[in-house]
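Report on the structure given below.
The values are calculated or read from the model by the stated rules, or taken from the named source; none is laboratory data. These figures come from a predicted structure and were not determined experimentally. A quick note on method: Cβ atoms are made from the backbone with ideal geometry, for glycine too, and the neighbour counts reach across all protein chains shown.
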């Protein structure tokens with residue numbers, strides 16, 4: 001974050017110590033095949049600048065740090081634990097907008113984690129809320145974490161982390177849901193608003209589907225937010241179902257969706273096209289009418305074939 005390793009060390013150690021202390025206090029629902037079923041809940045930041053889904057009841061908290069370069073700095077955190085894994089979002093504002101060069105330097109300094117004692121296992125470039133981010137997989141003591149860092153509007157640093165004594169990547173659906181549900185609110189690049197009437201984490205494009213969803217802007221105007229969900233009607237795709245690139249499918253998306261009348265749907269179905277076939281049986285799909293940045297690899301139980309289909 002800042003060019004003082006004490007803040008990075010403090011943030012990393014706080015994350016690890018909290019995780020170790022909170023294991024055994026998981027927030028969950030019932031147990032399924034020995035694994036606790038996670039109940040995801042939406043969280044909107046106090047300043048209404050972002051929203052994300054977290055397992056269980058999110059707990060916000062605050063830390064402070066005196067930075068030689070930026071003065072007294074307040075870091076906002078929100079976290080929860082499920083299945084002995086901690087999910088956490090931390091963010092802080094710089095006192096001024098950073099130049100592109102400063103953003104690049106700050107991110108590089110942040111994701112290298114100097115002075116934290118962390119062993120970096122892997123780094124890669126990804127996107128969070130349609131913005132460039134750095135993903136870092138690291139090991140600090142007994143904790144393995146997957147973190148994504150990015151600076152929004154040249155002035156706010158976000159750190160999204162999942163960590164536990166078991167590698168979080170062993171539960172790819174939770175990792176995908178956590179990072180994929182993060183959305184900046186009132187960001188023109190995402191067509192987001194206070195009253196979301198579109199899937200959290202998806203960006204729409206106009207003119208690509210007959211049915212449309214709409215979002216209400218702060219000014220009260222309706223803007224196109226992309227295609228709307230559908231009623232599933234196709235046949236269930238099985239492991240034995242022959243598939244090929246270009247097949248039209250119906251895809252179940254497991255995020256939250258708010259209808260125009262205020263009803264909240266926990267899962268919804270969307271039109272899509274198969275763009276890739278994985279060796280493990282999973283399928284890469286493109287959601288019709290949505291930006292390709294939100295293409296994803298899904299299990300077959302989340303797919304239905306349009307029309308009669310093949311059993």
Next on the checklist: For region 131-145, give me each residue that is in contact with a helix residue (DSSP H, G or I) (Cβ under 6 Å, 6 or more places away or on another chain) and more than 15 Å from residue 116 (Cα to Cα).
Outcome noted: 134
Item to check | Subset of region 288-307 that is part of a strand (DSSP E or B) and modelled with pLDDT of 85 or more - its residue that is farthest from the chain's Cα centre (by Cα) | outcome: 305
Next on the checklist: Against the definition (in contact with a strand residue (DSSP E or B) (Cβ under 8 Å, 6 or more places away or on another chain), part of a strand (DSSP E or B) and farther than 22 Å from residue 172 by Cα), how does residue 74 come out, yes or no?
Outcome noted: yes
Item to check | Long-range neighbours under 6 Å by Cβ, at least six apart or interchain, first residue in the same structural domain as residue 41 (by TED's automatic domain parsing) within region 173-185, second assigned to a helix (DSSP H, G or I) and surrounded by 21 or more Cβ atoms within 10 Å (Cβ to Cβ) | outcome: 175/168
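Do we have residue 89 as surrounded by fewer than 17 Cβ atoms within 10 Å (Cβ to Cβ), touching a strand residue (DSSP E or B) at 6+ places or on another chain (Cβ under 7 Å) and in contact (Cβ under 8 Å) with a residue 60 or more places away in the chain here?
Working: surrounded by fewer than 17 Cβ atoms within 10 Å (Cβ to Cβ): no; touching a strand residue (DSSP E or B) at 6+ places or on another chain (Cβ under 7 Å): yes; in contact (Cβ under 8 Å) with a residue 60 or more places away in the chain: yes.
No.
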Checklist outcome for this item: In region 92-126, residues that are surrounded by fewer than 16 Cβ atoms within 10 Å (Cβ to Cβ), at pLDDT 85 or above and touching a helix residue (DSSP H, G or I) at 6+ places or on another chain (Cβ under 7 Å) total 1
Checklist entry - Could you list, in sequence order, the residues of region 218-266 that are touching a helix residue (DSSP H, G or I) at 6+ places or on another chain (Cβ under 9 Å) and either at pLDDT below 85 or in a strand (DSSP E or B) (or both)? => result 236, 251, 252, 253, 254, 255, 256
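For the structure I just gave you, tell me whether residue 59 is surrounded by 13 or more Cβ atoms within 10 Å (Cβ to Cβ), out of contact with any helix residue (DSSP H, G or I) (no Cβ under 9 Å at 6 or more places or on another chain), in the same structural domain as residue 179 (by TED's automatic domain parsing) and more than 23 Å from residue 153 (Cβ to Cβ).
Details: surrounded by 13 or more Cβ atoms within 10 Å (Cβ to Cβ): yes; out of contact with any helix residue (DSSP H, G or I) (no Cβ under 9 Å at 6 or more places or on another chain): yes; in the same structural domain as residue 179 (by TED's automatic domain parsing): yes; more than 23 Å from residue 153 (Cβ to Cβ): yes.
In short, yes.
Is region 200-217 home to any residue that is at pLDDT below 90 and farther than 23 Å from residue 287 by Cα? I'd like the intermediate steps shown before the answer.
As a first pass, look at region 200-217 and keep what is at pLDDT below 90: 200-217.
Those still in the list that are farther than 23 Å from residue 287 by Cα too: 217.
Within region 200-217, one or more residues are at pLDDT below 90 and farther than 23 Å from residue 287 by Cα.
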